[in-house]
Amino acid sequence: MSLTEAEPAGAVSGVPRRGNTRWRATGRSRLAARRRRAGILLSLPAVVMVVALLGVPVGQAVYYSMTTWNGISSTWIGPSTYSTALTDPIFWRVLENNGLLLLAIPFAIGIPLGIAALLNEHVRGWRFFRSVYFLPTAVSWVVIGMVATQFFALNGLMNKMLSAVGLASLRTDMLAGQRSALIALAITFVWSMLGTNTIIFLTGMATLDPTLLEAARVDGLNRRQIFFRVTLPLLKRFVQFSFVITVISAFSALFSLIFVMTSGGPGFGTTTLEFFIYQSAFSNGAFGTGALYGIILFVIMIVVGLVQLRLIRSEDGEGW
Amino acid sequence: MAAAPAAPGTPVTPADRRGLGGRARRRIQNGWVFVLMVGVAIVMLYPFYYLLNNAFRTQGQFDQQRGHSLHSWSQLFQELPAGRELANSALICVASIAIILVVSTTAGFAFAKLRFRGSGTVFLLVVAALMVPLQSIIIPEYVNLAKLGLINTYLGAILVYAALGTPFATFLMATYYRGISDDLIEAAVMDGLGYERTFLRIALPLSLPAIATVAVLQFIQIWDDLLVALLFLPNPGQRTITYGLAALSAGRTTTIPVLMAGSFLSAVPAIVVYLIFQRYLIRGLTLGMGK
């Protein structure tokens with residue numbers, strides 16, 4: 001602040017300008033105090049709710065992951081629960097499913113990129129189509145799973161289409177095999193993500209500088225070249241964002257879909273980590289083990305988040 | 001930084017030279033784009049067609065894939081207390097969204113405009129809760145609420161939904177309030193409104209679009225949720241429509257046309273909300289990217 005404040009207050013108290021400054025200073029600090037009080041008061045409800053219902057349970061989950069716990073009484077074991085859990089072959093079988101589900105991610109991102117490029121041509125009716133493509137976002141996984149089950153059924157549309165094109169020998173009940181059921185789940189997942197990711201990329205394409213694209217066109221690049229050489233590099237951060245959203249969905253949003261389509265089966269064929277948590281605790285009563293798997297899922301999510309943050313920081317300077 | 005305008009008399013660019021031929025080719029290309037868009041639309045809409053088509057069939061008609069009737073609808077209402085469950089869903093959605101809106105607008109305003117020491121850190125912690133997967137905390141959450149006697153009560157589920165929605169809603173509201181000028185807020189405070197009333201009278205009305213975004217996003221999320229309802233509302237009387245439908249399907253005794261009718265019924269409210277408010281939904285998604 002200015003020199004005037006450093007001087008002893010009483011020295012030139014007769015000067016009106018000085019008095020005015022002091023008045024303003026105390027008035028401002030009183031205002032600042034009120035502002036601080038209002039800030040704390042207004043943010044308190046949200047903070048209390050997040051801490052009580054999201055924060056505390058994380059701590060509890062860490063604690064209970066090191067116990068055997070049936071929901072009522074718990075016995076402390078210690079960190080050795082983790083080495084026990086990590087040597088369980090079923091756990092690795094489940095994690096393998098999560099890993100295999102990641103193979104669907106290139107499709108869940110690549111196809112919407114293509115669709116967004118189509119919409120971005122702004123051919124007549126593109127707004128209508130955008131609404132149509134985004135529609136599944138409003139529908140629950142329960143409903144999607146129910147229709148998907150019918151689609152993949154032995155007498156469902158997929159097998160009918162195979163027969164129609166003379167591939168009747170390929171007819172299968174996809175949900176009856178462990179690997180094929182996981183593939184069916186992945187296809188349904190990709191379908192459901194199309195709308196969300198398309199909108200993300202479309203938003204990204206709207207931010208592109210049209211003169212840049214026009215320049216590329218004048219330089220004689222065709223549409224495909226423009227897309228791969230100009231548009232796609234500029235969309236990098238949108239691709240990263242959709243990658244994170246898609247991974248998070250694949251690992252933590254498919255519970256209802258699995259519940260309806262396969263219940264995790266056949267065997268452990270479609271049990272992913274998030275479903276395994278539910279099964280361990282609420283079907284088998286092993287609350288401690290369930291909490292442990294929950295912590296592992298949380299750690300995976302944090303790693304995905306940090307990788308994303310790292311990518312943005314290192315390549316994009318300004319961040320978003 | 002526009003490109004320098006072409007001086008009069010400069011030779012035509014290759015693009016100009018293409019002339020009519022280029023335009024014709026562009027029209028053909030647009031035709032292909034349109035055809036492809038229709039193809040994608042069929043893939044996206046087929047499930048809805050399938051739902052509707054088979055909801056109006058008996059099991060026999062379903063097997064034959066021929067003919068329609070209203071039989072499965074009357075069957076549905078016998079097997080599923082659909083009215084009750086729709087009302088449960090609506091009640092839980094409205095109450096949860098109300099709580100989310102109250103805490104996220106106030107907190108968003110505080111974090112954006114009423115900074116206090118440590119407010120940045122607190123804000124980050126609230127937003128960081130976004131990264132907590134529901135499955136990671138669902139077990140302690142369940143046990144905690146069970147100890148409080150809140151299982152099978154609307155309040156229990158409402159609290160869980162409200163807590164789950166709060167981090168993102170707070171982030172969104174704070175982002176929005178940051179766009180309102182500080183001078184406007186200061187002026188209102190200087191006029192003697194006080195911070196609380198400045199929030200209520202000035203900031204809140206200005207943030208209606210963001211409020212709509214939060215409400216629509218949360219409505220669809222909560223309406224479509226299964227896991228929380230499954231655990232916290234196991235009692236048939238309190239079930240939501242999405243859970244009721246999943247339970248019906250898990251029972252394996254209900255015919256497919258009845259399940260399709262139920263699916264359609266449960267999906268309609270969220271679809272209607274989507275169709276009316278889709279621009280808020282899209283805005284929410286893009287705001288999530290920090291745009």
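The values are calculated or read from the model by the stated rules, or taken from the named source; none is laboratory data. Computed from a predicted structure; not experimentally measured. Cβ atoms come from the backbone with ideal geometry, glycine included; neighbour counts cover every protein chain shown. To get the accessible areas, we keep the full protein, side chains included, count just its heavy atoms, and leave off ligands, DNA and RNA. Shrake-Rupley method; radii C 1.70, N 1.55, O 1.52, S 1.80 Å.
Computed over segment A:103-271, relative contact order equals 35 percent, with contacts defined as Cα pairs under 8 Å that lie 6+ residues apart. Of the residues A:123, A:143, A:307, the one that moves most in a GNM of chain A with alpha-carbon contacts below 10 Å is A:123.
Counting only protein heavy atoms and a 1.4 Å probe, chain B has 46 square angstrom of accessible area per residue.
Rolling a 1.4 Å probe across all protein chains gives residue A:111 an accessible area of roughly 80 Å². Could you state the number of Å between the C-alpha centres of segment A:203-224 and segment B:86-150? First find each Cα centre; the distance between them is then 42 Å. Shown in residue order for segment A:273-286 are the 3J(HN,Hα) couplings computed by the Karplus curve 6.51 cos²θ - 1.76 cosθ + 1.60 at θ = phi - 60°: 4, 5, 6, 5, 4, 4, 4, 4, 7, 9, 9, 9, x, 8 Hz (x for Gly and Pro).
Given the options B:23, B:117, B:279, state which has the largest fluctuation in a GNM of chain B using a 10 Å cut-off (strictly under) for Cα springs. Evaluated over chain B, the most mobile residue of the options is B:23. Taking A:34, A:130, A:223 in turn, the Gaussian network model of chain A (Cα-Cα springs below 10 Å) assigns the largest fluctuation to A:34. Modelled label positions at residue A:308 and residue A:88, each set 7 Å beyond Cα in the direction of Cβ, lie 2.8 nm from each other. Put simply, chains A and B cover up around 7900 Å² of each other's accessible surface, both sides summed, when a 1.4 Å probe is used. The smallest convex shape that holds all Cα atoms of the protein assembly as shown, its convex hull, gives 223 Å³ per residue. The mean number of Cβ atoms from other chains found within 10 Å of a Cβ in peptide A:126-138 is 6, as a whole number. With both labels modelled 7 Å from their Cα along Cα-to-Cβ, the residue B:115 to residue B:84 distance reads 5.4 nm. Residue B:121 contributes an accessible area of around 90 Å² to the protein surface, as traced by a 1.4 Å probe with all chains present. At a probe radius of 1.4 Å, what is the per-residue accessible area of residue A:236, in Å² to the nearest 10? Result for residue A:236: roughly 110 Å² accessible. Screening chain B for whole DSSP H helices of 30 Å or more along their axis (Cα) with average Kyte-Doolittle hydropathy at least -1.0 returns B:14-55, B:82-113, B:154-178, B:256-288. Shown is the FRET efficiency for residue B:276 and residue B:49, computed with R0 = 22 Å from the Cβ-Cβ distance and rounded to the nearest 0.05: 0.50.
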